[in-house]
Amino acid sequence: MRLMNKVRAYRQAMLCGLLLAVLLSGCRGAGSANAEETSPEAGMPETEISSEQYEESIAVSNVNEAASPYYGIMYASVMDINGSQGDSSTVYSFRDKSDPENVWSVTELEIGAIEAEISEGADVALLFHGDVIRDSENIEFIAVLPDGSYTLKRTEGITLSNTMSTFTLITGSGEDITFIKDNCRIEDGAMSTDSGDSVVVYYADGGELGNYPLRIYSLS
């Protein structure tokens with residue numbers, strides 16, 4: 001998978017900013033440096049991450065593995081298809097509609113599931129895992145969904161059913177929600193039985209298009 005143009009420019013800008021900050025700190029007195037370290041208003045990493053988070057992403061609060069906490073959805077246009085859909089070696093090129101300078105090239109083998117018919121010029125929604133802003137080289141695409149309006153959500157509950165292609169859970173408020181399960185990401189042991197598992201689900205709610213999980217975690 002390759003990303004072009006904007007990420008390289010972003011990294012160069014960050015390096016220039018860091019160099020400027022180091023030069024300016026050398027011009028300050030020792031007293032001002034100590035005040036900056038202890039001040040509660042000093043910029044914290046959490047604030048920086050939140051302000052630079054990709055627009056359509058959600059931070060998972062209970063990640064149990066050493067990986068990016070970000071899951072998200074990218075609305076994109078299909079720029080090129082080198083091969084045939086269904087062939088693992090086929091390469092797709094997607095242009096991020098929210099940032100048209102970025103074009104992603106990825107093979108079908110690198111996409112968890114394709115739930116939409118893909119053709120050149122078509123619009124699609126890409127579910128992904130990773131940090132688009134800081135670590136674009138390691139973005140993983142979970143699924144390609146039909147174009148539509150999706151909302152990123154988190155819910156938790158107990159599974160009522162668990163089949164090969166779908167599962168249903170009941171939430172604490174008594175709502176039944178059914179999810180598409182094809183090749184979705186599931187924490188080890190999160191859904192080990194046909195029903196009765198307590199889970200947390202981060203997902204894209206597409207209304208009539210269905211609910212596709214970004215990640216399923218165990219609550220037990």
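Given R₀ = 30 Å, FRET efficiency for ASN82-ASN138 by Cβ-Cβ distance, to 0.05?
Plugging the Cβ-Cβ distance into 1/(1 + (r/R0)^6) gives 0.85.
Using R₀ = 45 Å, calculate the FRET efficiency as 1/(1 + (r/R₀)^6) where r is the Cβ-Cβ separation of THR163 and SER105; round to 0.05.
Result of the calculation: an efficiency of 0.85.
Can you tell which of HIS129, ILE186, ALA113 lies farthest toward the positive end of the dipole of the stretch 104-220, using +1 and -1 charges on the Cβ of basic and acidic side chains (Lys, Arg; Asp, Glu)?
Value computed over the given set: ILE186.
Hey, could you grab the Kirkwood Rh for the stretch 99-165? Inverse mean 1/r over distinct alpha carbon pairs, Å, one decimal.
Evaluated over the stretch 99-165, this radius sits at 14.4 Å.
Which far-off residues, 5 or more places away or on another chain, put their amide H under 5 Å from the one on ASP147, with H placed in the peptide plane?
Amide H neighbours of ASP147: ALA125.
Would you mind calculating the gained length between SER195 and ASN183 on full extension (0.36 nm times residue separation, minus the Cα-Cα distance), in nm to one decimal?
Using 0.36 nm per residue and subtracting the Cα-Cα distance, I get 2.4 nm.
Over the stretch 78-132, what relative contact order in percent results from Cα pairs under 8 Å that are six or more residues apart?
33
A short reminder: the numbers here are calculations on the coordinates, not readings from a lab. Computed from a predicted structure; not experimentally measured. Ideal geometry is used to build each Cβ from the backbone, glycine not excepted, and the neighbour counts take in all protein chains shown.
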